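Please read the structure below before turning to the comments.
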C-alpha cells in the first residue's frame, strides 16, 4: 500500500510542478478557431473605453478573474497575498485554491486569508464538491466562506483528477443533490467550477437545476491536472494511468457554448487555456462574464506583486485594444456577431 502524501505536501507539489513542468493539455482551448472582425474605422476612443462591470454586488474594473490556484503552504501564502494585492490595485476578481487543507488543519487558514490586503475585491472561497461524500456539508462551506470573508463559494468538480490521483476521492454518487442543499442554505452565491476538463450540456443543466448562480467552465486547453498528478505519481502504474488522459476534456470555447445552450441565463466564467486579454475578449463575445487565467498570474506572483500587477494591466489593455479594433466602447458590444469561426 503506498503512503498518501498529506494535503500540505500535495499543495507544495502542485505549485512546484506547475511552475517547473510542462503540464499543458494535449488539447487546445478552441479559442484559436475564432477571430474578431477588424474595423479599420472604429469610431471609438481607445482611452475612453469602459471595461467595467458589476457582479455579486461588487464593481470590477475589467472582466479578469485570477483563477483559483493555491493555498495551504507558506509559499502559497506569499503567492496568494501578492495576487490579492495586485487584484486590489487593478480591481479584478480572485479565487483561492481548495481550502480543505485549512478546514482540516486550521493553522493553514492564514495561507488563504487575503482580505487584509484586498478589502474591496470580489473574492471566491473554494471547496471540492466530492467532499460532501466524505464528511463535509453546509458547516464546512460556511467555514470556508467565513475564513476568508468571501463573496461567493466555488465548489470545484474534479472527478478525473481524483480518479488518477493516488488514493483519490472517487465516490461521486448523489453529489448533485448535496450541491442543491448547499445552494439553498448558504447565504452567499454558489459557483460550480471544473478544473480543466470542461462542462457538457448535461452537466450545465444539472448544475442549473441545483441552483448554482454561476458556472466556471474551466475547459480543456490549459493546465491538465492529470499531467500534474502524473508528475507526482508514487509509482509507474499511477503515472501511466494519469498520462493516458493528457488529451481528455471539452475545450473552453465549446464548454461556454454548451452552458449557453443548456442554460441561456446562467452566468458563465471562462477559464482553461486562456493566454491573454484577447482570449478573454473572445470568451466574453461567446457569452462569458469573466475570463480567468491561472498560469500567467502564478508565474508573475512567484516573482513579485509588481509583476502580477504588470500582468493584470497588460491583460486589461489587451481587452481594451481588442474592443477598440472591433469598434465597440463597452463590454456588452463584444457579441458573437463580432466573431468569425475559422
Mind checking which residues of the range 210-234 are assigned to a loop (DSSP other than H, G, I, E, B), modelled with pLDDT under 95 and under 18 Å from residue 163 (Cβ atoms)?
224, 232, 233, 234
Conditions first: (1) crowded, with 18+ Cβ neighbours inside 10 Å; (2) in a loop (DSSP other than H, G, I, E, B); (3) modelled with pLDDT of 95 or more. Residue 72 passes all but one, so which condition is the exception?
(3)
Hits in the range 124-156 - residues which are crowded, with 20+ Cβ neighbours inside 10 Å and outside any helix (DSSP H, G or I)
124, 125, 126, 127, 128, 136, 150, 152, 153, 154, 155, 156
Which residues, counting only those in the range 258-275, are touching a residue at least 24 places away in the same chain (Cβ under 8 Å) and surrounded by fewer than 17 Cβ atoms within 10 Å (Cβ to Cβ)?
261
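Mind checking which residues of the range 173-194 are in a loop (DSSP other than H, G, I, E, B) and either surrounded by 16 or more Cβ atoms within 10 Å (Cβ to Cβ) or in contact (Cβ under 8 Å) with a residue 60 or more places away in the chain (or both)? So that I can check it myself, show each step before the final result.
At the first step, the residues of the range 173-194 found to be in a loop (DSSP other than H, G, I, E, B) are 173-174, 186-189.
Residues satisfying the conditions are 186, 188, 189.
Find the strands (runs of 3 or more DSSP E) located wholly in the range 257-342 whose residues include 2 or more that are over 21 Å from the mean Cα position of the chain (by Cα) and either closer than 22 Å to residue 153 by Cα or at pLDDT 95 or above (or both), and list them.
Numbers: elements: 267-271, 290-293, 339-341.
Strands (runs of 3 or more DSSP E) meeting the threshold: 339-341.
Residue 198 - would you say it is over 30 Å from residue 119 (Cα atoms), without any contact (Cβ under 8 Å) to a residue 40 or more places away in the chain and not in a helix (DSSP H, G or I)?
Values: over 30 Å from residue 119 (Cα atoms): yes; without any contact (Cβ under 8 Å) to a residue 40 or more places away in the chain: no; not in a helix (DSSP H, G or I): yes.
Spelling it out, it is not the case that residue 198 is over 30 Å from residue 119 (Cα atoms), without any contact (Cβ under 8 Å) to a residue 40 or more places away in the chain and not in a helix (DSSP H, G or I).
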Selected residue (criterion: modelled with the highest pLDDT) from residues of the range 52-67 that are outside any strand (DSSP E or B) and within 12 Å of residue 124 (Cα to Cα)
56
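If you check residue 158 against the conditions, is it in contact with a strand residue (DSSP E or B) (Cβ under 7 Å, 6 or more places away or on another chain) and farther than 30 Å from residue 119 by Cβ? Outline the logic, then answer.
Details: in contact with a strand residue (DSSP E or B) (Cβ under 7 Å, 6 or more places away or on another chain): yes; farther than 30 Å from residue 119 by Cβ: yes.
Considered against the rule, which asks whether it is in contact with a strand residue (DSSP E or B) (Cβ under 7 Å, 6 or more places away or on another chain) and farther than 30 Å from residue 119 by Cβ, residue 158 comes out as yes.
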Selection count where residues are buried (at least 23 other Cβ atoms within 10 Å of the Cβ) and more than 17 Å from the chain's Cα centre (by Cα), scope the range 110-123:
2
Hey, does the range 133-152 have a residue that's under 26 Å from residue 230 (Cα atoms), within 20 Å of the chain's Cα centre (by Cα) and in contact (Cβ under 8 Å) with a residue 40 or more places away in the chain?
no
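The values are calculated or read from the model by the stated rules, or taken from the named source; none is laboratory data. Keep in mind it's a predicted model, so treat the numbers as computed, not measured. All Cβ positions, glycine included, derive from the backbone under ideal geometry; neighbour counts span all protein chains shown.
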